[in-house]
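The values are calculated or read from the model by the stated rules, or taken from the named source; none is laboratory data. All values derive from a computational prediction rather than experimental measurement. Here Cβ is always computed from backbone atoms with ideal geometry, including for glycine, and neighbour counts include all displayed protein chains.
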Amino acid sequence: MTVNAPAQTKRKKHPFLRSLRQQRELWLLCIPIIVWVAIFCYYPMYGLLMAFVNYTPGKEIWQCDFVGLKYFSKFVLGKEFPRLLRNTLAMSGLGMTIGFVCPIFFAFMLNELGNLKVKKVVQTASYLPHFISWVVAGAMVTQLLATDGIVNDFLMNAGLIDARVSFLQKGEWYWGLYTVVNIWKGLGWSSIIYLSAMSGVDEELYQAGSIDGLGRLGLAVHITLPTIVPTIVLLWIMGVGNILSAGFDQHLIIGNSLTQKYWDVIDTYSYRYGVQEGYYSMGTAVSLMKSLVGFVLVLITNAIARKASDVALF
Amino acid sequence: MFKKTLALIMALALCLGCVSAMAETNAFGWDVPEETLKISLFFNSGEFSTGEEQEVGMAAMHDYILEHFNVEYDIMTTDGDADEQLNLLLASNTYPDIIVGASTINRQKFVDQGRAQDLTDYLPAMENLNHRMGDMIGLYADENGRTYYLPQYFSNLMDLPDYSAHIRYDEWQEIGSPAIETPEDYFNALNAVYELHPTTAAGEQRYTLGMYSQGLPEYISGYWGLQRGWKVNDDDTLTYWTHTDEGKKMAKYFNDWWRTGTMDPDSFTNTWNDLRTKISQERVIGMIGGWWIGYNAGHEIWSLTDEDWYEEKRFIQVGFKDEDAENAYVTLKNNAGGSWIIVTDKCENVEGVLSWIDFILSDKGIALVNWGMPNEVKSYKNPDETVCIWELNEDGTWKFNDTAKQQLVTETWDYNEEGVFGANTGVYAIMQYQGRFDDGVHCLWGNQMWYSENKWKGIMFENMDGTIFDGTALLFESLTMDEDVTFAKTAVTDAWKQYYPQAVMADSDEAFEAAWAALQEAVEDAGIDVYAAYRTENYQYNLKLMAD
Amino acid sequence: MRKAFYIKQTPAGRAFDAVNAVVIALLMFLMIYPFWNMMVLSFNDGTDALLGRLYFWPRMWTLSNYEYVFKNSKLLHGALISVLRVTVGTTSGVVCNALLGYIVSCRHFYGRRFMRLLFIVTMYFGGGLIPTYLLMLRLGFMNSFWVYIIPGLFSCYYMLLASSYIQNIPDALFESARIDGASELKTFVRIVLPLAMPMLACIAVYIGVGHWNSWFDVSLYSKNGTWDTLQIILYRLLNQANAKADITNQQQLYQSMRTIQPETVRAATTVVVVVPIVFIYPFFQRYFVGGITLGAVKG
């Protein structure tokens, strides 16, 4: 919550200087932090300049030929860009809606489990997929959905289909498949945040609500939900900033050349044409572009959130 | 008088000093230097992995080389992406003396920035190098005749194929051991097997053909007379397979096959691991790919897991040629290499380093860094026993160990134990000559010798004879690719990977024609003219270079 | 386990409980089965595993995969380094991020928005691998333990998570502490840390697992092997040259594909990495899974 510090001042002294004096302990604490972030985060940002020159490792950035916006325009004006953008937005869109909501639902469902031991076991089990690398997880998925795989066997035996379906070759289904697999992998892990937020709810609030006549659903909606709304808004705004990132490893494993039209996203393209060939400039240009777009989106969404509710990033 | 004696004594002392300073030559034929020669290198092979027995072997090899040669290796490897690591080393100026295995692009970075040393003047002294390479050594010089890099591996075994088609020996015998000389023969043979055994013993559906890597059209088009996907026209220009009749014929052949419904439906989405599983489950009757896939996925597994395994239950390689094709250029060997060795500006003893490299190109040098340490080596599995791969005598004569040879020839060699000899990670073999020794028998790979004594290798060579050609002029990249060409190359690969499967999987003739046209359009959009222009220019340049 | 005595049980509630149980059971199967499959593979012979079709139980039981993993002489050392890294890294990370989160939640603090913005920018803009690598070199972090800790002390993401939780702590508590003359640091330690436990436990889990799993920075900065963690050793054990696209010489490809079958070893290493986490996790879990539930069933 960002309530502005009261700006009344009787004297002409700037509120900043006043704060330096009055809140000097906080400022003192900030100093090492600011030094840290300057060294580890801001100093390396000179690397972003790579996007504007024809960079070769071994030469300093200022020694390389300046090319201006060449790599940006090459990428954005390239033939593939509309398709890449479409795929990226489609998959991250699905992730920001369905994929975003699922861990929340799961947290609520978990919260409703009666038995504490069961709850703990379920919660522990739910994050196991997070630890299986994409190489392994992807291989499992491809084996399951192969034309002669188990899923097809089951569907044939159950008489639900006449001919085997090559799931992995159907580009139109790729986005759905990707979303489902992503949810499966991240559900338990992401729900940890919501669970921890939920456990901060004061029990008295539940009691009061129950007395007021709220049933279980009512309690969940009117007591639990508002408590985690700040967390939800926070995570969602941060997610919006990453809207141009829509997976990478998953596509290389679950996707194949037949579905490439649907899974090729900005990152995979940039990797194939940039990094893999050793063209750092192209990769940096794409990354800078994503950063700018993401950051601007965050600023906008943040402003909206601040006006609409109390919750915002800053 | 006194002065004369002094002078005489000094001269004598000098002579004696010379004699003792004269390097002792060891059994390998290497002049052991006074001062330890440091070989500090970066091994550009990513995801470097070592099992325990390999680590033990590598450490033993390091000490062995230090003790017997007074040469000390200092090896840097990387667990992640090697190119990325090399670029980091370059950007931070912390790279070592030698880079082993740099890609062409990365090599050029060093050369262009003056970080690669000029080796030209040292080359004539390298006897073994010149002996092995002959005139090819001229290929690595730039326009001014200066040489800044050398190939990491060069030359090839011209009787060892790279790619082949496969069929199971026992099943082939069952259908009457027909001759397979054309693509149609291969199709008919596999179908004949399918008639007899449409399902596995476990009742699962079998496929007549399985593929991986999107069908490898660039390589397989060799059966129809194209060279690595290029048609070499009479005027020495190149046309890409998508725009040739031969390429279309190949696609039609597979399309007809696809429409019979007996091909693996996941042929174009299979990775090698997927196909391997299917092969090992005996669900695939034939496949086209590397010469070894039938080994790796077939009898090497069955001999260990199948109680009723018999020797004939294995894949053999078959070669064939389309009737219209002049030659089946299935295996094109690039003898001039594709990855590079650079001696960087950090190296202070270029002559020493090159003399060591020259040594490891001699017979005994190759034996040492590719087969491993000679004479008895402690086994890893059974520490009380010793194993041996080759024997070296004091007087310099050597021979391959008989027991090891038998194991290799009868294919009972334990590959999981070879690490202990110290060589199978490849880090010590800076430069590899991949051809045959002068004696015509030995080479650097233990399992590619004495073909005549192994029945199966014999069959392979008989069948694949006539499919192996020297493609150095076509494949060797002597002109550097610029950004636009690299871009076009990636785009063209992207294009055929998406559109070629559509053509093969078309369900009618009209659909096939449409898909083929779409493939051509996609490849054109991707910039095939840019890429083809480069390859043509490179090819013609090589022809000229090699003619001199 | 307290019973929520004030919740009335309704038929709708019971029906919901039943459906909930079924859905969760299904989810459980989907979550656990792949890992179970990993365990099955890890206890199965490598060559036999290539034949596929391993579902619920090993077909050819063997301990050779685990032997292969544990026989590695460097494993113990690596495990110790990993434990050290996780302990130091998690503690420092949690404390730092909590402190930062507190600072940016202080309503009266003038520099609040500035600090937030300062960090949020870093979440989206970064210089890339080369400048970071050069920086670490210059700071002398090559082959040093501190390269694991110091660059990871603060993170915008955790700062925001921590602050969103801390903001919910009633102002009254802070006011009274301030009136009592407590310094900010003391307030932080005495009030914030205990009350924000659930979120801090969550952050601890995320940071801890991050440290436990990371291998890329180890591969870059631990060149002489002294600070190798468990993950990198397992990663090395695991890596075989899986069909590299640039090896066109098939014999070389054949050579590199020859040795130990990676499937089952990969399974064993996955198990070895995950099992410690599963055992330690309950210590953190009790902070955020527990307490009351809305169902009236005895625990």
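Conditions (1) in contact with a Pro (Cβ under 8 Å, 6 or more places away or on another chain); (2) within 9 Å of another protein chain (Cβ to nearest Cβ); (3) part of a loop (DSSP other than H, G, I, E, B), marked per residue:
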{"residue": "C:A21", "(1), (2), (3)": "no, yes, no"}
{"residue": "C:M31", "(1), (2), (3)": "yes, yes, no"}
{"residue": "C:M38", "(1), (2), (3)": "no, yes, no"}
{"residue": "C:D48", "(1), (2), (3)": "no, yes, no"}
{"residue": "C:R59", "(1), (2), (3)": "no, no, yes"}
{"residue": "C:Y66", "(1), (2), (3)": "no, no, no"}
{"residue": "C:N72", "(1), (2), (3)": "no, yes, yes"}
{"residue": "C:L76", "(1), (2), (3)": "no, no, no"}
{"residue": "C:A79", "(1), (2), (3)": "no, no, no"}
Hits in the stretch A:187-223 (condition: assigned to a helix (DSSP H, G or I) and under 20 Å from C:Q167 (Cα atoms)): A:I192, A:I193, A:Y194, A:L195, A:S196, A:A197, A:M198, A:E203, A:E204, A:L205, A:H222, A:I223
Pair list, Cβ < 8 Å and 6+ apart or interchain, from the stretch C:168-181 residues that are surrounded by fewer than 16 Cβ atoms within 10 Å (Cβ to Cβ) to residues that are outside any loop (DSSP other than H, G, I, E, B): C:L173/C:I191; C:L173/C:L195; C:R178/C:T187
In the stretch C:72-87, residue nearest to C:A201 (Cα to Cα) [restricted to those that are among the hydrophobic types (A, V, I, L, M, F, W, C), surrounded by fewer than 19 Cβ atoms within 10 Å (Cβ to Cβ) and in contact (Cβ under 8 Å) with a residue 24 or more places away in the chain]: C:L84
Pair list, Cβ under 8 Å, 6 or more apart: the stretch C:193-216 residue under 19 Å from C:D171 (Cα atoms) and more than 8 Å from every other protein chain (Cβ to nearest Cβ), other residue outside any helix (DSSP H, G or I) and hydrophobic (A, V, I, L, M, F, W, C): C:L195/C:I169; C:A196/C:I169
Output for the stretch B:399-437, where each listed residue is closer than 24 Å to B:F154 by Cα and in contact with a Lys or Arg (Cβ under 8 Å, 6 or more places away or on another chain): B:Y433, B:G435
Any chance C:T90 is outside any loop (DSSP other than H, G, I, E, B), surrounded by 21 or more Cβ atoms within 10 Å (Cβ to Cβ) and more than 13 Å from chain A (Cβ to nearest Cβ): yes
Listing of helices (runs of 4 or more DSSP H) fully contained in the stretch A:96-160 that carry 2 or more residues being closer than 30 Å to A:L219 by Cβ: A:98-111, A:116-126
Top-ranked residue of the stretch B:107-147 - restricted to ones that are of a type in the set (S, T, N, Q) and either within 18 Å of A:P57 (Cα to Cα) or touching a strand residue (DSSP E or B) at 6+ places or on another chain (Cβ under 9 Å) (or both), ranked as surrounded by the most Cβ atoms within 10 Å (Cβ to Cβ): B:Q117
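Taking B:N156 as the residue in question, decide whether it is surrounded by fewer than 22 Cβ atoms within 10 Å (Cβ to Cβ) and not in a helix (DSSP H, G or I).
no
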Residues that are surrounded by 15 or more Cβ atoms within 10 Å (Cβ to Cβ) and polar (S, T, N, Q), drawn from the stretch A:134-158: A:T142, A:Q143, A:T147, A:N152
Pick from the stretch B:50-75, criterion surrounded by fewer than 21 Cβ atoms within 10 Å (Cβ to Cβ) and at the interface with chain C (Cβ under 8 Å from one of its Cβ atoms), ranking: modelled with the lowest pLDDT: B:T50
Lone qualifier among A:P230, A:P226 - being surrounded by fewer than 17 Cβ atoms within 10 Å (Cβ to Cβ), within 29 Å of the chain's Cα centre (by Cα) and either in a helix (DSSP H, G or I) or more than 9 Å from every other protein chain (Cβ to nearest Cβ) (or both): A:P226
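Yes or no, residue by residue, for (1) within 14 Å of chain C (Cβ to nearest Cβ); (2) on the phi < 0 side of the Ramachandran plot; (3) in contact with a Cys (Cβ under 9 Å, 6 or more places away or on another chain):
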{"residue": "B:K381", "(1), (2), (3)": "yes, yes, no"}
{"residue": "B:I389", "(1), (2), (3)": "no, yes, no"}
{"residue": "B:W398", "(1), (2), (3)": "no, yes, no"}
{"residue": "B:K405", "(1), (2), (3)": "no, yes, no"}
{"residue": "B:D414", "(1), (2), (3)": "yes, yes, no"}
{"residue": "B:N424", "(1), (2), (3)": "yes, yes, no"}
{"residue": "B:Q432", "(1), (2), (3)": "yes, yes, no"}
{"residue": "B:R436", "(1), (2), (3)": "yes, yes, yes"}
{"residue": "B:L444", "(1), (2), (3)": "yes, yes, no"}
Residue satisfying condition, being among the charged types (D, E, K, R), farther than 30 Å from B:Y433 by Cβ and more than 14 Å from chain C (Cβ to nearest Cβ), within set B:E282, B:E307, B:E348, B:E312: B:E312
Qualifying residue in the stretch A:61-75 (condition: outside any helix (DSSP H, G or I), away from chain C (no Cβ under 11 Å) and out of contact with any strand residue (DSSP E or B) (no Cβ under 7 Å at 6 or more places or on another chain)): yes
Qualifying positions in the stretch B:352-388 - out of contact with any Phe, Trp or Tyr (no Cβ under 6 Å at 6 or more places or on another chain) and part of a helix (DSSP H, G or I): B:G352, B:V353, B:S355, B:W356, B:I357, B:D358, B:I366, B:L368, B:N370
Selection count, the stretch A:272-314, where residues are under 19 Å from the mean Cα position of the chain (by Cα) and not in a loop (DSSP other than H, G, I, E, B): 18
Selected residue (criterion: surrounded by the most Cβ atoms within 10 Å (Cβ to Cβ)) from residues of the stretch B:201-228 that are small (G, A, S) and modelled with pLDDT of 90 or more: B:G222
